[in-house]
Amino acid sequence: MSAALRPTLERHTLETARAKGVFLARTKSFTRRTRELPPNLQRTWDEHSSRYLIEVARGLGHTSVADDVRFDPLSLFGRSAPLTIEIGSGTGEQIVAAACRHPERDYLAFEVWVPGIAKLISKAVAAGVDNIRVVEADAQLALPIVFDEAIAEEIWTFFPDPWRKARHRKRRLVCESFAPDIARVLVDGGIWRLATDWDDYAWQMRDVIESCAFFANPYEGERPDRADPEPTRGGFAPRFPGRVVTHFETRGLDAGRSVHDLVAVRIPRDTEGDVTAPVNERDESPQR
Ligand SMILES: C[S@@+](CC[C@H](N)C(=O)[O-])C[C@H]1O[C@@H](n2cnc3c(N)ncnc32)[C@H](O)[C@@H]1O
């Protein structure tokens with residue numbers, strides 16, 4: 001791929017973020033919510049946040065990170081282990097269940113909702129797991145700043161806020177401009193897993209994956225959906241067996257919606273732009 005056509009994978013600074021328009025006046029994928037905690041969660045926070053919460057220097061606002069913040073997984077977890085990052089962990093249902101099942105792996109959650117973070121910590125304490133860390137930060141801002149290239153084996157984005165109204169669609173987390181930031185952080189062959197209970201968001205996710213030069217969709221053409229504006233196109237994965245049913249999935253199913261899973265495989269860096277290069281299509285562990 002020519003340099004001119006190639007999406008940038010550079011680490012952002014405040015200045016480059018500003019230049020890209022992702023800071024300050026940018027459109028956020030979340031709304032401002034209370035940071036206050038009820039007494040029981042405040043107690044959990046006071047007693048246990050030092051074990052699980054990563055404190056970071058801020059740029060402008062509670063969900064930003066300063067330009068010089070860097071996350072070194074080795075020092076965050078005190079060991080070197082395969083890393084999964086969850087973006088928008090909610091109350092931690094998914095990530096705590098995974099951390100329990102896989103003590104040999106490490107899990108890092110990004111969440112902007114403080115009561116959700118407190119509930120995640122509460123679940124981690126109850127489960128007695130030590131392989132989870134959580135940071136209060138907007139992942140769209142933080143990912144390009146805090147990580148070196150190629151540090152995570154998996155990134156999960158399950159049931160992101162749907163932003164249903166047409167005029168709000170630009171707030172959706174899974175979008176063309178965020179995909180290269182995800183790709184930068186994943187190792188070669190690493191996997192971005194997604195799920196949603198909103199059909200038109202599933203189609204958007206599929207479009208984002210298939211139009212990003214750094215990803216291949218191993219399920220391209222599979223599971224076509226009659227409701228899709230392109231009903232024969234498909235591109236949807238089987239349900240990820242490592243994904244537990246959360247409150248958000250249950251709510252969608254109860255409302256009669258169906259759930260789409262999607263998988264994006266990070267194309268090896270030395271074959272980027274080589275359309276003939278094979279991708280390890282099904283080389284994804286189903287149990288992480
Ligand atoms: C609908 S909930 C889904 C929670 C969880 N993934 C699940 O499946 O149960 C989406 C979560 O993403 C969080 N979120 C939205 N935008 C975010 C961002 N830019 N960075 C981090 N978290 C974000 C929201 O605060 C919310 O808790």
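Points to keep in mind about this one:
Yes/no matrix, rows are residues, columns are (1) of a type in the set (Lys, Arg); (2) part of a loop (DSSP other than H, G, I, E, B); (3) within 12 Å of the ligand (Cβ to nearest atom); (4) closer than 28 Å to ARG51 by Cα:
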| position | (1), (2), (3), (4) |
| --- | --- |
| LYS119 | yes, no, yes, yes |
| ASP130 | no, yes, no, yes |
| ILE145 | no, no, no, yes |
| ALA150 | no, yes, no, yes |
| PRO160 | no, yes, yes, yes |
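- Residue check for ILE182: closer than 20 Å to THR84 by Cβ, within 16 Å of the ligand (Cβ to nearest atom) and of a type in the set (Val, Ile, Thr): yes
- The set of residues from region 238-252 being in contact with an Asp or Glu (Cβ under 7 Å, 6 or more places away or on another chain) and not in a loop (DSSP other than H, G, I, E, B) comprises HIS247, GLU249, GLY252.
- Scanning region 55-89 for residues that are under 13 Å from ASP106 (Cα atoms), of a type in the set (Gly, Ala, Ser) and in contact with a helix residue (DSSP H, G or I) (Cβ under 9 Å, 6 or more places away or on another chain) yields a count of 2.
- First in region 80-104 and within 15 Å of VAL125 (Cβ to Cβ), second anywhere and more than 16 Å from the ligand (Cβ to nearest atom) and among the basic types (Lys, Arg), Cβ under 9 Å, 6 or more apart: ALA99/ARG105
- Within region 177-191, residues that are of a type outside the set (Asp, Glu) reach partners that are in a helix (DSSP H, G or I) with beta carbons closer than 7 Å, at six or more positions or on different chains, in the pairs PHE178/GLN140; ALA179/VAL208; VAL185/LEU143.
- Within region 86-116, the set of residues being more than 9 Å from the ligand (Cβ to nearest atom) and among the hydrophobic types (A, V, I, L, M, F, W, C) comprises VAL96, ALA97, ALA98, ALA99, CYS100, LEU108, VAL114.
- Qualifying residue in region 132-143 (condition: away from the ligand (no atom under 11 Å from the Cβ), closer than 23 Å to PHE77 by Cα and either part of a loop (DSSP other than H, G, I, E, B) or out of contact with any His (no Cβ under 7 Å at 6 or more places or on another chain) (or both)): yes
- Scanning region 188-237 for residues that are acidic (Asp, Glu) and not in a loop (DSSP other than H, G, I, E, B) returns ASP188, ASP199, ASP200, ASP207, GLU210.
- Here ARG167 meets each of (1) modelled with pLDDT of 95 or more; (2) outside any loop (DSSP other than H, G, I, E, B); (3) more than 21 Å from VAL112 (Cβ to Cβ) with one exception, condition (1).
- Residue satisfying all of: in region 123-169; of a type in the set (Gly, Ala, Ser) and surrounded by 21 or more Cβ atoms within 10 Å (Cβ to Cβ); farthest from the chain's Cα centre (by Cα) among these: ALA124
- Enumeration of residues in region 170-181 that are crowded, with 18+ Cβ neighbours inside 10 Å, among the charged types (D, E, K, R) and assigned to a loop (DSSP other than H, G, I, E, B): ARG172
- If you check LEU60, LEU76 for being more than 16 Å from the ligand (Cβ to nearest atom) and either under 21 Å from LEU186 (Cα atoms) or assigned to a loop (DSSP other than H, G, I, E, B) (or both), only one passes: LEU76.
- The set of residues in region 53-89 being more than 19 Å from the chain's Cα centre (by Cα), surrounded by 13 or more Cβ atoms within 10 Å (Cβ to Cβ) and of a type in the set (Asp, Glu) consists of ASP67 alone.
The values are calculated or read from the model by the stated rules, or taken from the named source; none is laboratory data. It should be emphasised that the depicted structure is a prediction, and the values quoted were computed from it without experimental measurement. Reconstructed Cβ throughout: ideal geometry from the backbone, glycine too, with neighbour counts over all protein chains shown.
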